[in-house]
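A quick write-up on the structure given underneath.
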């Protein structure tokens, strides 16, 4: 990996740290916002709702825009935009203005995850790609894990407005670093037709077999992690700041996992998903009953590593299925995580009320085991289908050009076959139409 690529990955990771942290940093601020603006806590919470709804919606909008207008251009606009609107929150002296600013903040922040992952998918190849995606995920997880600590500390010593300003300034600095590092990129699709784009993506059976895995990941991991603080409060006598530091081990584990996934994947291949499913399941089950906070930290750390192993594999698979629409693929991945997390939080809240936080993690341990095994099996089936498509296209002469052999990725070949099918042609007829042979 070249130094420039390392810098690019670091800056994208840091932007992910702050934009993902921005999502969760508002949680400890609600009471202070309510007091400062003389409103109820439920009304103050609308600022978080506005951010989350805008974030979810604009994920689907900005992903395809990266495919159409160039991913570098969209992520630069997204980064500067979210930084500016985060800073502007210091001028919010009423809840209406705060809701507007946070909604705009969330809408622009939505471009960070899908576009960053798409850029990495284009830049890196092979096992190096797994490590790069893992590193990006690690920074994002770390940002979410440290958000409550950062938000709570700054608001304690300054004010809730100081939290948004701090995040905004940090994002602004990183935006300038990205501007000086990212290379210009061109669009990979000719027209921004959202119905056509998502119709094509949703009509891809291989991609649609991966998206449910993404939703289950969000449901199982983030849906349960929301209540990890409640679990710690029940099982230990730690104060809120100490609980925040213990929870941060989940993010630290994600960052560590991103640095070892490349080597592990080279040794055991896609079997890493089985290993992650088993160890992640054990970690979640142990969390349900652990009372000694160093052990809780260890299990959270382990869970962070295993989540990166499984989720990064699904991200790479989604991109390889439609490589000409990586931004769209990542928009679906991001939206899937978003929906899964929301659904998991809702369902787990019912479990919390009926039987306690412990059972949240018991059920999550069972689901995560099946997630790891299902990911391994579905990926195996998809790779087999891609190999068959590659063989079919090679037989039809797709790879022959001017007497030579042109190397193509499995994902590219799969996309060619899918487009051929969509046009009512056999792969051979499609190729002959393209090459004029």
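Some observations on this one:
- Of all residues in region 48-61, those being modelled with pLDDT under 85 and crowded, with 20+ Cβ neighbours inside 10 Å number 1.
- Listed here are the helices (runs of 4 or more DSSP H) enclosed by region 67-126 that have at least 1 residues being closer than 20 Å to residue 166 by Cα, assigned by TED's automatic domain parsing to the domain that holds residue 140 and more than 18 Å from the chain's Cα centre (by Cα): 71-88, 95-109.
The values are calculated or read from the model by the stated rules, or taken from the named source; none is laboratory data. Owing to the predicted nature of the structure, the values given are computational and were not obtained by experimental measurement. Please note: Cβ atoms are built from the backbone with ideal geometry, for glycine as well, and neighbour counts cover all protein chains shown.
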